[in-house]
Amino acid sequence: MIALERRSAFTRSQEDYLKALYLLRGDQRPVPTRELAQRLGISSPSVSEMVARLTAQGLVEHDRYRGQQLTKEGRKVALELVRHHRLLEMFLVEVLGYTWDEVHDEAERLEHVISERMEARIFELLGRPELDPHGHAIPSLAGKVRPLSDRALSDCRAGEKVRVQRVSDEDPALLRELERRGLVPGTRIEVLLVSEFESPIECRIKGRRVSIPLGLARGVYVEADIERSR
């Protein structure tokens, strides 16, 4: 059995806070305590206590009115964890045969314990991937993150031709439904009809007319399909 070494000087809880802040755009803006507590599924007082510790370590900057934001060092720690998580998801899918709705929780556990040596071997084995199975960017060792679209399918207009770039990955049931409807990264979509009300969006995918509920469409991020728009 391969021994998994801790590669970080920080506890799992500290890493979880820093990663949650990053995923909430805490490297770009202050994140309110309530928003961070909601993401982590814990109370606001508990968040405040941990944030005080992270601030003392120079990983977080805290403003009592605006919230908390990652420092340069805090972002570095968070990105390392995100890199491990997304590489592990890719490894689980490509090598171990997991489906894309099964990998999130497994990667959540393993991301804290794999060594840098194992991370490097996984990266090379997978052919140095830039994206995980859900289309999310895998941070580079230098902390570079490929910019991706933040535009949801639910924000598109009738007549637009777009391509799925990435999908929300934290709800297994949502992922199964997205796959059932063919909404995976790389899929080309022609938006046919968008209602002003909370009605499904009518689209054409691979020649078929598909109704996509708004709840699903909000978890699908798209970019313009330039080739088909010409």
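Tell me the residue from Thr11, Thr55, Thr99 that is within 18 Å of the chain's Cα centre (by Cα) and either at pLDDT 95 or above or over 20 Å from His134 (Cα atoms) (or both), please.
Details: Thr11 fails: within 18 Å of the chain's Cα centre (by Cα); Thr55 fails: within 18 Å of the chain's Cα centre (by Cα).
The match here is Thr99.
Among the strands (runs of 3 or more DSSP E) contained in region 113-230, which hold 1 or more residues that are in contact with a Lys or Arg (Cβ under 9 Å, 6 or more places away or on another chain) and within 21 Å of Val103 (Cα to Cα)?
Strands (runs of 3 or more DSSP E) meeting the threshold: 161-167, 220-224.
Considering Gln28, Gln69, which residue is among the polar types (S, T, N, Q), assigned by TED's automatic domain parsing to the domain that holds His134 and surrounded by 13 or more Cβ atoms within 10 Å (Cβ to Cβ)?
On the way: Gln28 fails: surrounded by 13 or more Cβ atoms within 10 Å (Cβ to Cβ).
So the residue among Gln28, Gln69 that is among the polar types (S, T, N, Q), assigned by TED's automatic domain parsing to the domain that holds His134 and surrounded by 13 or more Cβ atoms within 10 Å (Cβ to Cβ) is Gln69.
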Next on the checklist: When you check Gly207 against the structure, is it in the same structural domain as Ala173 (by TED's automatic domain parsing) and closer than 15 Å to Ala152 by Cβ, yes or no?
Outcome noted: no
Checklist entry - Which of the residues belonging to region 41-77 are part of a helix (DSSP H, G or I) and in contact (Cβ under 8 Å) with a residue 40 or more places away in the chain? => result Leu54, Gly74, Arg75, Lys76, Val77
Next on the checklist: Taking the criterion of being among the aromatic types (Phe, Trp, Tyr) and in a helix (DSSP H, G or I), would at least one residue in region 82-103 satisfy it?
Outcome noted: yes
Next on the checklist: Any residue that is in the same structural domain as Leu79 (by TED's automatic domain parsing), touching a residue at least 24 places away in the same chain (Cβ under 8 Å) and over 21 Å from Leu23 (Cα atoms) - is there at least one of those in region 124-146?
Outcome noted: yes
Next on the checklist: Could you check region 206-216 and list, in sequence order, the residues that are more than 12 Å from Glu177 (Cα to Cα) and within 24 Å of the chain's Cα centre (by Cα)?
Outcome noted: Leu214
Next on the checklist: I need every pair where a residue in region 188-202 that is in contact (Cβ under 8 Å) with a residue 40 or more places away in the chain has its Cβ under 6 Å from the Cβ of a residue that is among the β-branched types (Val, Ile, Thr) and outside any strand (DSSP E or B), sequence separation at least 6 or different chains.
Outcome noted: Ile201/Val194
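The values are calculated or read from the model by the stated rules, or taken from the named source; none is laboratory data. In this text, all values refer to a predicted model and were calculated from it rather than measured experimentally. Because the Cβ atoms are built from the backbone with ideal geometry, glycine has one as well, and the counts that use them run over all protein chains shown.
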